[in-house]
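Here, each number is a calculation from the coordinates, and none is a lab measurement. No experiment lies behind these values; they were computed from the predicted model shown. Methodologically, a virtual Cβ is constructed for each residue, glycine included, from the backbone with ideal geometry; neighbour enumeration extends over all protein chains shown.
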Amino acid sequence: MRDIVPLDPVVALGGAQHADLVRTVWPHARTPLAGTRGMGEQMARLAVLRKAHEQQLM
């Protein structure tokens, strides 16, 4: 494996099945969309995260 396992940070943006698959390679992966129930909730969560990040930069 091309030294991809120790990468940090690893962020998995996807549903539960994709996040589980990513965690087989990167157990430390962050999954900010965990618990969402569909594309609409995922997009809303990402918008909240982006807004919070923008406010930190001010």
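Can you list residues from other chains, or at least 5 along the same chain, whose modelled amide H is less than 5 Å from the amide H of V10?
Long-range HN contacts for V10: R30.
Report the net charge of residues surrounding T31, where surrounding means a beta-carbon distance below 15 angstrom and charges are Lys +1, Arg +1, Asp -1, Glu -1.
It works out to a net charge of +1.
Quick check: residue separation of V48 and D3 times 0.36 nm, minus the Cα distance between them. What number comes out in nm? Don't jump to the answer; show the numbers that get you there.
On the way: separation 45, 0.36 × 45 = 16.20 nm, distance 3.28 nm.
That works out to 12.9 nm of additional length.
Count charges around L57 for me, please; just the other residues with Cβ under 13 Å from its Cβ, Lys/Arg as +1, Asp/Glu as -1.
Around L57, the charge tally is +1.
Considering every Cα-Cα pair within the chain, what fraction, in whole percent, is farther apart than 17 Å?
Across the chain, Cα pairs with separations above 17 Å total 47 percent.
Grab the DSSP H runs of the chain that are 4 residues or longer, score each as -39,500 (n - 2.57), total them, divide by all residues and round the 222 nm result to the nearest 500 deg cm²/dmol.
Value at 222 nm, helices only, nearest 500: -16000 deg cm²/dmol.
If the only charges are +1 at each Lys and Arg Cβ and -1 at each Asp and Glu Cβ, what is the size of the charge dipole of the chain around the Cα centre, to the nearest 20 debye?
On the way: 7 positive and 5 negative charges, 27 e Å.
In total the dipole reaches around 120 debye.
In degrees from 0 to 90, rounded to the nearest 10, what is the angle of the helix 39-57 Cα long axis to the longest principal axis of the chain?
Here the helix axis deviates by roughly 80 degrees.
Using Cα atoms only, what is the angle between the long axis of helix 16-25 and the major principal axis of the chain, expressed in degrees (0 to 90) to the nearest 10?
40
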